[in-house]
Amino acid sequence: MSANAKRDFPGKIGRTVKDSTPHWPAAPKPPAGAPNILIVLFDDVGFSDLGCYGSPIATPTIDAIAARGLRYTGFHTTAMCSTTRAALLTGRNHHSVGMGCLANFDSGYPGYRGKICKEAGTLAEMLRPHGYRNYMVGKWHVTPLTETGPTGPFDGWPLARGFDRYYGFMDAETDQYAPELVLDNSHVAPPGTYETGYHLTEDLIDRSIQFIADHIVGSPDAPWLTWVALGACHAPHQAPRDLILKYDALFRHGWDEERARRLARQRDMGLVPADTRMPPRNDGVVAWDTLTADEKTVFCRLQGAYAAMLDHADQNLARLMRFLELSGQADNTLILVLSDNGASQEGFIWGMVNAMGPYNGISEPMPTKLARLDEIGGPNSHSNFPIGWAMASNTPLRRYKQNTHGGGIRDPLVVSWPKGLPARGELRHQFCHASDLVPTLLDVIGLEAPSAINGVAQMPLEGESFAASLKDPAAPQRTKPQYFEMFGHRGLWHGGWKAVAYHPSGTPFDEDRWELYHLDRDFSETEDLASAEPARLEAMIQRWWEIAEACNVLPLDDRFGPRFAENAARVQGARRKFVFHAGMGHVPTEIAPDVRSRSYLIEAEVEIPPAGAEGVLLSHGDATSGYSLFVKDGLLVHDLNIGGSHQIVRSTRKVPPGARRLGFRMTRVENNGTGVLLIDGEPAGEMKTKDMFRTLISWSGLDIGLDRGSPVSEYAAPFAFTGTLRKVTVTIGDDQTLDGDATGRAEVARQ
């Protein structure tokens with residue numbers, strides 16, 4: 001015991017227990033009646049995608065939560081996933097806490113660190129001193145991905161930011177059948193496969209139930225926060241086939257008619273004013289009636305996979321709701337269901353069955369899509385729907401995720417608390433923002449934001465509580481102006497008005513055309529009043545610059561490729577050798593050797609028993625894209641899987657028993673590559689490729705001795721090596737040349 005601790009001890013310490021008085025500090029106590037909090041955060045779900053917001057997609061669980069509470073029509077996010085999560089977690093603006101864009105890079109400026117600063121405590125950190133236990137399940141994506149490997153550092157992981165348990169994935173997306181998972185601070189394999197009926201959504205709900213059930217056993221009188229961040233409905237859109245086929249038929253009328261139907265329902269529900277106008281189609285969206293029969297077939301199936309993924313998530317959420325009822329937790333649980341941004345434009349005009357192909361420069365023409373129709377939504381697909389369906393998802397709003405028009409930042413928010421809120425099926429039209437969530441929850445519970453957390457002085461909350469509106473539909477809406485910025489797209493809301501500028505990447509910011517809308521009278525941003533009210537617009541633009549400077553938004557940066565390329569170069573530096581020893585765990589792709597568009601050498605030190613051996617030596621990627629070096633049928637094999645197109649080379653002789661060095665050398669010659677298999681340093685087979693030198697290998701990580709995910713090559717995963725594998729060494733050359741802009745756009749497409 002330190003001298004200070006002894007001096008501050010309120011009991012008495014004598015020479016023996018007989019002349020001493022013990023003391024036990026009181027356990028933290030929450031305010032009387034403090035509710036449990038369940039936050040269900042969907043990914044890339046548009047404003048109109050829930051049944052209770054006008055969609056035909058079956059979401060009866062969420063609709064029932066809304067019927068026991070209320071729906072907000074003016075809830076706004078930040079247009080992207082990392083940024084919204086940072087604002088939701090901290091109650092501050094995303095640039096202010098260092099998450100100005102994505103967790104995937106650090107631009108070198110205070111607002112763009114890719115990591116939430118310690119001066120901005122999370123909701124979990126704020127609740128913990130008041131007796132709450134905090135559980136996080138699902139997508140995190142607010143830690144730099146270069147810090148998500150087996151050695152961390154772990155100070156940005158959930159357990160270091162106030163959560164007591166964590167189970168989920170750290171990146172922007174993951175395969176729903178073969179996810180890259182973390183339990184607390186360790187990478188773990190999923191508990192099943194596609195063949196055994198595994199799906200990530202079911203697993204995340206199972207773990208949510210487990211965490212709460214464990215809580216009831218260990219701390220039945222303490223309230224809990226459970227944050228469930230589902231992968232649904234971020235690409236890849238993967239769901240049970242029977243559900244996909246159900247929606248395949250439901251959307252045959254196309255996206256133009258679907259928009260009209262959704263807006264009609266929204267008017268009937270009172271979600272939007274009766275005079276709300278439908279904006280014109282977004283740029284690049286073609287009229288449904290102009291499509292060919294084959295295009296309609298493919299596009300309906302892609303939309304079916306998206307809809308089925310949402311339906312499937314709702315079905316699993318129903319299991320969590322039933323558990324809350326059976327365990328007696330439901331009445332005093334404050335439930336929030338929301339999305340992190342609008343529907344995604346990353347499927348572009350024609351959609352994708354396997355996004356890894358196009359992002360690697362392999363075209364996916366309509367005949368190819370049609371031939372793979374039945375793979376959509378399955379383990380060999382990485383599908384995303386075309387922007388026409390994203391436009392319909394965002395009805396009646398303009399543009400998409402990444403943009404600061406309504407389609408990117410206006411999202412559903414459902415709130416229910418049977419014991420604490422009288423609302424039953426009501427609507428709220430007040431403006432509110434992701435940064436307002438923490439102030440609202442603290443207000444509801446009766447807590448103040450702490451001035452310091454773990455000895456670090458805290459920055460003020462920037463959000464504003466909307467707690468009054470939970471009970472009073474006439475409560476005043478937010479008084480503070482709220483800025484928006486993403487990839488140079490900008491916006492400002494204040495007093496029911498909105499100024500917004502769409503920024504074409506690479507063009508001067510001074511040439512952006514600002515628009516002005518009176519949102520209180522123009523829900524869908526269809527009447528631009530910039531010419532009619534130039535003074536108001538100019539004042540709002542000036543206000544935007546003032547707030548931008550105060551909140552670390554500057555410098556504006558619309559670059560895609562350079563941000564990612566600079567980050568990779570800075571993190572890996574001059575490192576050219578990577579050694580992977582047997583027994584190691586999974587390696588996220590951001591810290592794996594970057595073999596794109598360069599020469600490299602893979603060498604595995606193995607012992608082959610007299611009877612032979614087989615299995616994976618090293619694999620990076622998954623079924624949609626990657627590379628793998630393995631032994632099969634006695635031969636050394638390398639598979640370069642580019643977007644599902646396999647370029648396989650097999651050794652010209654069998655691998656002999658004994659201690660061996662098995663390898664593969666890729667030599668870059670201008671824009672082509674020659675790959676050579678090596679057995680004890682001697683050539684044993686050759687291939688030539690142009691496709692090696694594309695924008696990426698895969699977004700899934702690297703394994704040695706097995707392939708944990710969906711298989712890169714022609715084997716059944718995990719295809720563990722049956723000989724003795726001592727280590728694998730990868731040496732990369734210094735001749736890498738990448739198309740930085742293409743690389744950046746591919747990276748952004750998965751956020």
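Values quoted throughout were computed directly from the atomic coordinates according to the rules given, and no laboratory measurement underlies them. Remember, it's a predicted structure, so these values are computed and weren't measured experimentally. When we count neighbours, we look across all protein chains shown, and the Cβ atoms used for this are built from the backbone with ideal geometry, even at glycine.
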For VAL456 and ALA293, what is the calculated FRET efficiency with R₀ set at 56 Å and r taken between the beta-carbons, to the nearest 0.05?
-> 0.35
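Based on the Cβ-Cβ distance from THR674 to THR368, what FRET efficiency comes out when R0 is 22 Å, to the nearest 0.05?
On the way: r = 28 Å, r/R0 = 1.25.
E(calc), rounded to 0.05, equals 0.20.
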Treating only the Cβ atoms of Lys and Arg (+1) and Asp and Glu (-1) as charged, compute the dipole magnitude of segment 36-453 about its Cα centre; round to the nearest 20 debye.
-> 900 debye
Euclidean distance between Cα centres, segment 409-442 to segment 1-56, Å = 24 Å
Starting at 0 and stepping by 10 Å, how many percent of the alpha carbon pairs of segment 476-635 end up in each bin?
-> 8, 25, 19, 13, 15, 12, 7, 2, 0
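Subtracting the Cα-Cα distance from 0.36 nm times the residue separation, let me have the gained length for THR16 to ARG521 in nm, one decimal.
Values: separation 505, 0.36 × 505 = 181.80 nm, distance 7.71 nm.
Result for the pair: 174.1 nm of gain on full extension.
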Residues of type lysines that LYS632 reaches as a straight line, Cα spacing below 22 Å, ignoring anything fewer than 8 places off in the same chain | LYS654, LYS688, LYS727
Find the relative contact order for segment 430-539 and round it to a whole percent, using C-alpha pairs within less than 8 Å whose residues are 6+ positions apart.
-> 16 percent
Over all alpha-carbon pairs of segment 482-550, lay out the pair-distance distribution in 5 Å bins, whole %, shortest bin first.
-> 4, 18, 29, 27, 16, 6, 1
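Taking the Cα centre as origin and putting +1 on Lys and Arg beta-carbons and -1 on Asp and Glu beta-carbons, what dipole magnitude results for segment 482-550, to the nearest 20 debye? Could you put the intermediate results ahead of the total?
Details: 6 positive and 14 negative charges, 27 e Å.
Charge dipole, segment 482-550, about its Cα centre: 120 debye, nearest 20.
Determine the dipole magnitude for the chain: charges of +1 sit on the beta-carbon of Lys and Arg, -1 on that of Asp and Glu, nothing else is charged, the reference point is the Cα centre, and the result goes in debye to the nearest 20. Walk me through the numbers on the way to the answer.
Values: 75 positive and 90 negative charges, 295 e Å.
So the magnitude is around 1420 debye.
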So who's got an amide H within less than 5 Å of the one on SER524, skipping anything under 5 residues away but keeping other chains? H placed 1.01 Å off N, in plane.
-> ARG277
Cut-off 12 Å between beta-carbons: net charge of the residues surrounding VAL298, Lys and Arg +1, Asp and Glu -1 = -2
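Give me the extension gain from ASP734 to ARG424: residue separation times 0.36 nm, minus the current Cα-Cα distance, reported in nm with one decimal. Could the numbers behind the result be given before it?
Values: separation 310, 0.36 × 310 = 111.60 nm, distance 6.33 nm.
Extra length available between ASP734 and ARG424 comes to 105.3 nm.
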Taking a ≥ b ≥ c as the square roots of the eigenvalues of the Cα gyration tensor of segment 618-707, is the shape rounded (a/c under 1.5), prolate (a/b larger than b/c) or oblate?
-> oblate
J(HN,Hα) series, segment 183-191, from Karplus relation 6.51 cos²θ - 1.76 cosθ + 1.60, nearest Hz, glycine and proline x = 10, 6, 10, 10, 6, 9, 7, x, x
For LYS118, the lysines lying under 27 Å Cα to Cα, once residues fewer than eight places off in the same chain are dropped, come out as LYS29, LYS139, LYS480
Order these peptides, 172-182, 330-340, 283-293, by their mean beta-carbon neighbour count within 10 angstrom, highest first.
-> 172-182, 330-340, 283-293
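Taking only C-alpha pairs under 8 Å that are 6+ residues apart, what is the relative contact order of the chain in percent?
16 percent
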Given ASN394, GLY675, ASN134, which one lies farthest toward the positive end of the charge dipole of the chain, if we put +1 on the Cβ of every Lys and Arg and -1 on the Cβ of every Asp and Glu?
-> ASN134
Sequence order, segment 45-57: Karplus ³J(HN,Hα) from phi using 6.51 cos²θ - 1.76 cosθ + 1.60, θ = phi - 60°, Hz rounded, Gly and Pro as x, gives 8, x, 4, 9, 7, 7, x, 6, 10, x, 8, x, 5
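How much mean residue ellipticity at 222 nm does the chain get from its helices, if each DSSP H run of length 4 or more adds -39500 (n - 2.57) and you divide by all residues, to the nearest 500 deg cm²/dmol?
Numbers: 17 runs with 181 residues, N = 751.
Rounded to the nearest 500, the figure is -7000 deg cm²/dmol.
Express the relative contact order of segment 572-749 as a whole percentage, based on alpha carbon pairs under 8 Å and six or more residues apart in sequence.
Details: 457 pairs, mean separation 62.3, N = 178.
The normalised contact order for segment 572-749 reaches 35 percent.
Just check segment 564-681 against the gyration tensor rule for me: Cα atoms, a ≥ b ≥ c as the square roots of the eigenvalues, rounded for a/c under 1.5, and otherwise prolate or oblate depending on whether a/b exceeds b/c. Don't jump to the answer; show the numbers that get you there.
On the way: a/c = 1.82, a/b = 1.52, b/c = 1.20.
Verdict is prolate for segment 564-681.
When you count, for each residue, the other Cβ atoms within 10 Å and take the mean per peptide, how do 97-105, 353-361 rank with the highest first? Don't skip to the end; give the middle numbers.
Details: 97-105: 26.9, 353-361: 24.2.
Result, highest mean Cβ count within 10 Å first: 97-105, 353-361.
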Taking +1 at the Cβ of each Lys and Arg and -1 at the Cβ of each Asp and Glu, which of TRP255, VAL712, ALA103 sits farthest along the dipole of the chain towards its positive end, judged by Cα position relative to the Cα centre?
-> ALA103
In whole Hz, with x marking every Gly and Pro, tabulate ³J(HN,Hα) for segment 162-178 from phi via Karplus 6.51 cos²θ - 1.76 cosθ + 1.60, θ = phi - 60°.
-> x, 8, 8, 9, 9, 8, x, 10, 8, 8, 5, 8, 7, 5, 6, 9, 9
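Would you mind counting up the charge near SER465? Only other residues with Cβ under 9 Å from its Cβ, with Lys and Arg at +1 and Asp and Glu at -1. All intermediate terms of the calculation are to be shown ahead of the outcome.
Numbers: positive: none; negative: ASP436, ASP443, GLU464.
Net of charged neighbours comes to -3.
Below 11 angstrom from the Cβ of GLY156, what's the summed charge of the other residues (Lys, Arg +1; Asp, Glu -1)? Spell out each step's value before the answer.
On the way: positive: ARG113, LYS115, LYS118, ARG161; negative: GLU147, ASP155.
Net of charged neighbours comes to +2.
Does segment 31-85 come out rounded, prolate or oblate, given a ≥ b ≥ c as the square roots of the eigenvalues of its C-alpha gyration tensor, rounded meaning a/c under 1.5 and, failing that, prolate meaning a/b above b/c?
Working: a/c = 2.11, a/b = 1.15, b/c = 1.83.
Oblate, since a/c reaches 1.5 and b/c is not below a/b.
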Options VAL298, LEU537, GLY156, ranked by Cα towards positive dipole end of the chain, top entry (Cβ charges) | GLY156
Set of lysines with alpha-carbon distance to LYS246 below 19 Å, sequence-local pairs under 8 removed | LYS296
